[in-house]
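Participant: Dumping the structure here so I can ask a few things about it.
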Amino acid sequence: MDTFATLIDALFSPLWTPVLVGALIGLLAFAQRWLADQPLSCSTGFANLAGYLKPGSARDPEGDWRIVFLVGIVLGGLIATLSDGAPAWQGTAAEFGRFYTALVPDSTLGSAIWWLVGGLLIGFGARLAGGCTSGHTIAGVAMGAPASLVASVVFFAVAVGTAQLAAWMLGV
Amino acid sequence: MINRRNRLFLVFGIGFGFLLSRAGATSPAIISELLLFENLRLLWVIATAVAIGAALTWLAWRLGWRARNTGEPISIQHKPFKRGLIVGAVLFGLGWAGTGVCPGTALAMIGEGKGFALWVGAGILVGSGAGTWINRRLERG
């Protein structure tokens with residue numbers, strides 16, 4: 001009975017053991033290839049969605065599943081937050097952590113522009129690179145793709161370097 | 001719109017979004033702790049996911065596992081070295097470090113009710129559209 005209660009508690013806790021979550025993500029990503037022969041992919045779905053929303057463009061029904069997958073991720077996040085027993089997100093400094101609290105502008109307009117420009121860099125960069133942390137790092141590196149390995153090394157090197165430099169300049 | 005493949009990918013998406021949340025990948029604070037080497041839990045998540053994926057890829061190749069939908073051996077798809085790969089990866093790294101968000105986690109964060117992720121998601125959408133346009137121009141010449 002105690003084991004059962006412990007398991008239930010673990011299921012509803014906000015953070016799971018890293019190796020367990022990693023293994024489940026690896027299995028899920030492989031299940032996509034086993035059942036549909038389609039590797040994990042997020043940024044291509046954003047590109048398809050952008051194409052659909054552009055006036056006068058024809059929809060490609062063959063790419064619908066990529067957008068359905070994106071909708072699923074939103075629902076997955078909703079289910080996760082409804083079942084973790086933690087208070088709802090308030091956007092406090094503690095929730096953003098000391099680095100992003102110092103980095104992002106304080107004003108409502110300034111922060112909105114910051115998030116939007118950051119998103120533009122992410123979307124534009126992912127299209128130029130041909131994938132993101134899902135398609136290149138989790139799926140591509142696991143399949144031994146050289147281009148994905150190079151892209152992933154650059155993703156991490158630039159992100160770590162930028163964050164370390166910014167943290168040093170901000171003194172946080 | 002409602003067919004077997006779309007239903008399947010709705011379930012895959014729900015699973016992926018849920019796991020990203022339980023991993024802590026949807027917390028900007030935890031992302032910054034990864035990039036500043038203060039808490040490496042997300043590194044272990046990514047490393048385990050890649051290791052499991054690589055082991056299964058090897059087994060599938062070695063034992064000739066077949067995909068359920070095609071009946072053919074599971075394909076091993078290598079993304080190409082695109083002309084914009086390095087520049088794109090640098091821009092992606094800057095955006096990732098600047099916001100603590102990537103395309104997959106942006107969506108899970110929206111589901112979690114993190115309002116700022118709507119701005120990031122809108123940026124990713126517009127940026128993806130612009131990136132597709134540039135890719136076409138690069139491919140043409």
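Throughout, read-outs are computed from the coordinates displayed, never taken from laboratory work. Fair warning: this is a prediction, and the values are worked out from it, not measured in the lab. Every residue, glycine as well, gets a Cβ built from its backbone with ideal geometry; the counts of neighbours run over all protein chains shown.
Participant: May I ask you to list, by number, the DSSP H helices of chain B whose Cα span along the axis is at least 20 Å and whose average Kyte-Doolittle hydropathy reaches 0.0 or more?
Facilitator: Details: long enough: B:4-23 (28 Å, 0.67); B:41-63 (33 Å, 1.47); B:85-99 (21 Å, 1.83); B:116-140 (37 Å, 0.45).
Going by DSSP H runs, the hits are B:4-23, B:41-63, B:85-99, B:116-140.
Participant: Turning to a different aspect of this structure: Of A:Val141, A:Val158, A:Val19, which has the largest mean-square fluctuation in a 10 Å C-alpha GNM of chain A?
Facilitator: Judging by the Gaussian network model, the answer is A:Val19.
Participant: Within a Cβ distance under 15 Å of A:Gly119, other residues only, what is the Lys/Arg minus Asp/Glu net charge? Please list the in-between numbers first.
Facilitator: Numbers: positive: A:Arg127, B:Lys114; negative: none.
Result for the neighbourhood of A:Gly119: +2.
Participant: Along the range A:112-123, what does the Karplus equation 6.51 cos²θ - 1.76 cosθ + 1.60 (θ = phi - 60°) give for ³J(HN,Hα), rounded to whole Hz, x for Gly and Pro?
Facilitator: Calculated HN-Hα couplings, in order: 4, 4, 4, 5, 5, 5, x, x, 4, 4, 5, x Hz.
Participant: Using the Karplus curve 6.51 cos²θ - 1.76 cosθ + 1.60 with θ = phi - 60°, what ³J(HN,Hα) values do you get for each residue of the range A:23-33, in whole Hz, with x for Gly and Pro?
Facilitator: Residue by residue, the range A:23-33 yields 4, 5, 5, x, 5, 5, 5, 6, 4, 4, 6 Hz.
Participant: Once phi is turned into θ = phi - 60°, what whole-Hz ³J(HN,Hα) does the Karplus curve with 6.51, -1.76 and 1.60 give for every residue of the range A:148-156, x standing for Gly and Pro?
Facilitator: Per residue, the Karplus-derived 3J(HN,Hα) values read 5, 5, 4, 4, 5, 4, 5, 3, 6 Hz.
Participant: Please list the radius of gyration and Dmax for the protein assembly as shown, considering alpha-carbon atoms only, with Å as the unit.
Facilitator: So, for the protein assembly as shown, Rg and Dmax equal 18.7, 67 Å respectively.
Participant: Using modelled backbone amide H atoms (1.01 Å from N, in-plane), which distant-in-sequence or interchain residues come within less than 5 Å of B:Arg66's amide H?
Facilitator: It is B:Ile74, by chain and number.
Participant: I would also like to ask the following. Let me know the Rg and Dmax you get for chain B when you use only its Cα atoms, in Å.
Facilitator: 17.8, 46
Participant: Excluding B:Gly24 itself, calculate the net charge of residues whose Cβ lies under 14 Å from the Cβ of B:Gly24, where each Lys or Arg counts +1 and each Asp or Glu counts -1. Please list the in-between numbers first.
Facilitator: On the way: positive: B:Arg22, B:Arg41, B:Lys114; negative: A:Asp84, A:Glu95, B:Glu33, B:Glu38, B:Glu112.
Neighbour charge sum, excluding B:Gly24 itself: -2.
Participant: Another one. Just add up the charged neighbours of B:Trp61: K/R +1, D/E -1, any other residue whose Cβ is under 14 Å from the Cβ of B:Trp61.
Facilitator: Every neighbour counted, the sum reads +1.
Participant: Over all alpha-carbon pairs of the range A:2-170, lay out the pair-distance distribution in 10 Å bins, whole %, shortest bin first.
Facilitator: 8, 25, 36, 25, 6, 0
Participant: Separate question: Cut-off 10 angstrom, C-alpha nodes, Gaussian network model of chain B. Which of B:Arg41, B:Arg68, B:Arg83 fluctuates the most?
Facilitator: Most flexible of the set in this elastic network: B:Arg68.
Participant: Could you size up the charge dipole of the protein assembly as shown around its Cα centre, putting +1 on the beta carbon of Lys and Arg and -1 on that of Asp and Glu, and report it in debye to the nearest 20?
Facilitator: Working: 21 positive and 14 negative charges, 230 e Å.
The calculation lands at about 1100 debye.
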